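Everything below concerns the one structure shown next.
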Amino acid sequence: MKRELVKFLIFAALLLSAPLIFKGGYLLNVLVFVGIHTILAVGLNLLLGYAGQISLGHAAFFGLGAYISGILTTTYNVNPWLAIIIAAVAVGIMAFVVGFPILKLKGHYLAMATLCLGIIIYITFNEAIDLTGGPSGLSGIPNLSIGQLIFDNDLKNYYLIWTFTLATMLLSINLANSRIGRALRAIHDSEVAARVMGVNARLLKVQIFALSAFISAIAGSLYAHTMTFISPASFGFNFSIELVTMVIIGGLGSIYGSFLGAALLTLLPELLRAFQDYDIMIYGLLLILMTMFMPGGLVRGLSALFAAISPKIPGREKGSA
Amino acid sequence: MLKVSGITQVFGGLIALDNVSLTVRKGDITGVIGPNGAGKTTLFNIVTGIYAQTSGTIHLESKNISGFTPERLAHLGMVRTFQNIELFGQMSVLENVMVGLHTRSRSGILACALKLPGHIREERAIRERAMHWLEYVGIADMARIQAANLPFGKGRLLEIARAMALEPRIILMDEPAAGLNSRETAELALLIRRVRESGITVALVEHDMELVMDVCDHILVLNLGKMLAEGTPREIQENEAVIAAYLGEG
Amino acid sequence: MPLSWWKSNRRTGYWLNRDYTNYLSFLTSTAQVIKVACAVLVITLEEQMQFSDQLIQYILSGLSTGAIYALIGFGFAIIYNTTSIINFAQGEFVMLGGMSSVYFLTVLNFPLPVAILAAIILATSIGVIFERLAIRPIKQATNLNLVIITIGGSILIRGLAMLLWGKDTHAMPTFSGNDPLYVAGATILPQHLWIFAITLLIIIGNRLFFNYSIAGKAMRACACNRRAANLVGIDVRRMVMFSFIISSAMGSMAGIIIAPLTMTSYDVGIMLGLKGFCAAIIGGMSSGFGTVLGGLLLGVLESLGAGLISSGYKDAIAFIILLLILFFRPQGLFKKSETERV
């Protein structure tokens, strides 16, 4: 357990000192997004990687968090911090309620149902113009602030977002290495055996679904208050797929992997600016190739690669930690 | 301890079980045998909550448990193992047994995420207990191996260790000797006796006659969904109808 | 196909011994659906006589989009029945049909029949390539992997289309002009008739193929039990290939016949695919009348909803229906519920 903590502290130290190294404004801005996407990917990983339940509609929870927070602060002048809490709790409750019928489904049917849910919510963002501003979006969302400190530039936002990201990662790592994490992975491997061992699979799946939605909603609110402008286009089906890709590339069941996946997929479009028209294609290709050749994700794929290349140490057993 | 009464199970047009009753006495090792298709696994699946019976009742120490889900039964102290071992393949051997301790621990999502002190203590206890059960069945040296990589015989032992970790009152085993060679089967017989000695009631479905006759106190024979005979191993061995059913099958 | 397989089916007692229970249950459920639909229709008509013309118009256009959804749904059902995979890329074949036929027609100036044929061949080839490269080599065929790969495939195809043909929407000329016919107060375009006719032909063709040809029966065998099919000598891999060929051909045909009525662009595949999937689910993933009815029902409900309630939420209607069906009757409206064996 100590090893985990040390690993995390090193990671946190690296991330928190990054702005001092990368003084460039543009890169910092991208890293803020990496932070938000990491929160989303970690939340989704708990559902997808640990519990093994497919969700193709997570962008909707992200969007709901953003819009609820945005609407509460612009139309109703609610304090932004309070708005974040309200949005996250509301989305969590909604996901909990919807979770019961949805998680009875498995495999393709679950994928489709979550897809539908995501699209229905996306259409609502576009059509409920009085509330959300429709396709032209919602603007004037206030920045977050603590006393005199207003989070209105990239540097401050970086620390704000990454505090949340690191907290989410730590809590998720704790959860993954605990009794609940084991129960989730048990459900993934053999739901019937897990139930025989006393795991209330149905309830736990719904709880994780709700937790995952809650986390995504927090990310959404943070996004809204950092960008001060949101529009439905960011919360559609395409982004849901992007999130799933991040989790898969990073490695199902690997929290650090989710960071890698999020980082890669956020930085890639920036690096491929020149190839803008090809981005959709490269995306699809990446998905296919990753699933075919590195189904365990980058983290596992790279470590397997590393293990294959490094000299065999006698007496070592096959296995994972 | 376990009283199964008048279980009938109809699947579509097929009568899988026809008015089957069984009483498992506390501390006994009870066996359910019968030719293929007799309905043994179906009976087990019904008793352990995997499916619901068409009619009939099940009582665990006079509490009606008909229709209870497997997770509820686990909390009441009933656990089972599977014919085609259902291990948590992606998890290590030790972690598999730790899941068995799920009902003996309480930390919820919040306690785990925040790593509250109660949770930390509980984790340590779970780990120790799990190692204990691995030692009990004799595979403690394989603790870190991924469960999917275990040889079949060890996998069976792991399933039993996991079931024991639940500290059940009764353990139902579905064809525990399937796929084991004669040495492994003999070791299994010893293990089953040790389990009984620790106060746990055992019920098993089995095909391996030697194991059944050796280890069981009481046997129920099923054929084509109906009860054929019931009694001690000696009585069953001498029962003409049973002999006919088995020999008749070829 | 040689005549011998045809002859082999004409055994005595064949028609007497066939299992009609599925048909019976299908008929009973259809009767119930029709009863409800009629009741709704009568009530709506009685209350809103002045809307009756409009209503028939909505129903008509709903039926034609519904026919398309049915065709797309067949594509899903056929692949699913042979491989247990839901091909998320199905919608993209529909898109390819429409987009490429526009290209062949307007840029390369092929005559219409040739353009259509070329489009179908293109879509089918891409289907074959996709199956060969992405589906066949999968070693770890978990549910998730397959879902992700077919999604990746759909994204790839969409990206290709965007690269080749840009992001604009394109219009395709109708097959035989624009002179409308007036029937029962509604306007029918010749294109509507084309849609109905072609859909009917494809449905009948499907029925004949799956019930009476060896290849069709072999594919159905794969659906029931892949390993057993393998053991009796059916080349499962070839059947999988066939299923992709048939689905992509049908999907592209659907895209071609609807393109003259609705504009086509590189991203129509997503929505169409999902709605086709909805039709297939309503029909219980069967490549039979259930899916047809599912598609028609969906099309009509969507059209009525768009016309009578709100056109912005039109797409949401299909998805809400799909969600409700997935929640309450995932085996579709037309199948008896099956018990699951452990």
- Residue check for A:PHE229: of a type in the set (Phe, Trp, Tyr) and within 30 Å of A:ASN79 (Cα to Cα): yes
- Task: Note down all Cβ pairs under 9 Å where the first residue falls in the range B:30-41 and is over 24 Å from B:ARG234 (Cβ atoms), the second is part of a helix (DSSP H, G or I) and of a type in the set (Asp, Glu), and they're at least six residues apart or on different chains.
- Result: B:ASN36/B:GLU249
- Residue ID - most open to solvent (accessible area, probe 1.4 Å), chosen from residues in the range B:197-211 that are charged (D, E, K, R) and not in a loop (DSSP other than H, G, I, E, B): B:GLU210
- Considering only residues that are within 7 Å of chain A (Cβ to nearest Cβ) and open to solvent by less than 10 Å² (accessible area, probe 1.4 Å), look in the range B:70-90 and name the one that is nearest to B:LEU43 (Cα to Cα). B:ARG80
- Residue pairs within 6 Å by beta carbon, gap of at least six or interchain, first lying in the range A:92-113 and more than 8 Å from chain C (Cβ to nearest Cβ) and surrounded by 16 or more Cβ atoms within 10 Å (Cβ to Cβ), second of a type outside the set (Ser, Thr, Tyr) and not in a helix (DSSP H, G or I), listed first then second, are A:LEU110/A:ILE54
- Examine the range A:36-47 for a residue that is away from every other protein chain (no Cβ under 14 Å) and touching a strand residue (DSSP E or B) at 6+ places or on another chain (Cβ under 6 Å), and state whether such a residue exists. no
- Message: Suppose we filter A:LEU271, A:LEU267 for residues that are open to solvent by 10 Å² or more (accessible area, probe 1.4 Å), at pLDDT 80 or above and farther than 22 Å from A:ALA186 by Cα; which single one remains?
- Response: A:LEU267
- Among (1) within 13 Å of chain C (Cβ to nearest Cβ); (2) in contact with a Phe, Trp or Tyr (Cβ under 6 Å, 6 or more places away or on another chain); (3) part of a helix (DSSP H, G or I) - the single one A:THR266 does not satisfy: (1)
- Test: A:LEU203 is open to solvent by 10 Å² or more (accessible area, probe 1.4 Å), touching a residue at least 12 places away in the same chain (Cβ under 8 Å) and either within 28 Å of C:ASN145 (Cα to Cα) or more than 8 Å from every other protein chain (Cβ to nearest Cβ) (or both): no
- Item | Criterion (more than 7 Å from chain A (Cβ to nearest Cβ), of a type outside the set (Lys, Arg) and either under 30 Å from A:ALA167 (Cβ atoms) or surrounded by 15 or more Cβ atoms within 10 Å (Cβ to Cβ) (or both)) met by exactly one of B:GLY155, B:GLY138 | B:GLY155
- Task: Return the only residue of C:LEU63, C:LEU122, C:LEU105 being over 25 Å from C:CYS224 (Cα atoms) and modelled with pLDDT of 90 or more.
- Result: C:LEU122
- Query: With respect to A:LEU211, is the statement that it is closer than 28 Å to A:ALA12 by Cα, open to solvent by 40 Å² or more (accessible area, probe 1.4 Å), touching a residue at least 24 places away in the same chain (Cβ under 8 Å) and not acidic (Asp, Glu) true?
  - Reply: yes
- Message: Any residue at all in the range C:85-94 that's assigned to a helix (DSSP H, G or I) and open to solvent by 10 Å² or more (accessible area, probe 1.4 Å)?
- Response: no
- Query: Does A:PHE229 count as touching a strand residue (DSSP E or B) at 6+ places or on another chain (Cβ under 7 Å), away from every other protein chain (no Cβ under 14 Å) and open to solvent by 10 Å² or more (accessible area, probe 1.4 Å)?
  - Reply: yes
- Within the range B:120-131, is even one residue within 16 Å of A:ARG195 (Cβ to Cβ), open to solvent by less than 40 Å² (accessible area, probe 1.4 Å) and charged (D, E, K, R)? no
- Exactly one of (1) within 14 Å of chain B (Cβ to nearest Cβ); (2) in a helix (DSSP H, G or I); (3) crowded, with 21+ Cβ neighbours inside 10 Å; (4) not acidic (Asp, Glu) is unmet by A:LEU252. Its number? (2)
- Specify which of the listed residues (B:VAL32, B:VAL47, B:VAL93, B:VAL20) is β-branched (Val, Ile, Thr), within 11 Å of chain A (Cβ to nearest Cβ) and buried (at least 23 other Cβ atoms within 10 Å of the Cβ). B:VAL93
- Task: Check off (1) part of a helix (DSSP H, G or I); (2) within 19 Å of A:PHE61 (Cβ to Cβ) for A:ILE141 and give me the number that stays unchecked.
- Result: (1)
- Do we have A:ALA60 as part of a helix (DSSP H, G or I), within 14 Å of chain C (Cβ to nearest Cβ), in contact (Cβ under 8 Å) with a residue 60 or more places away in the chain and small (Gly, Ala, Ser) here? yes
- Item | Selection from the range A:191-200 of residues that are facing chain B (nearest Cβ under 7 Å) and either open to solvent by 40 Å² or more (accessible area, probe 1.4 Å) or touching a residue at least 60 places away in the same chain (Cβ under 8 Å) (or both) | A:VAL192, A:ARG195, A:ASN200
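The values are calculated or read from the model by the stated rules, or taken from the named source; none is laboratory data. None of these values were measured; they are calculated from a predicted model. Using ideal geometry, Cβ is built from the backbone for each residue, glycine included, and neighbour counts are taken over all protein chains shown. SASA here: full protein model, heavy atoms, side chains in, ligands and nucleic acids out. Shrake-Rupley method; radii C 1.70, N 1.55, O 1.52, S 1.80 Å.
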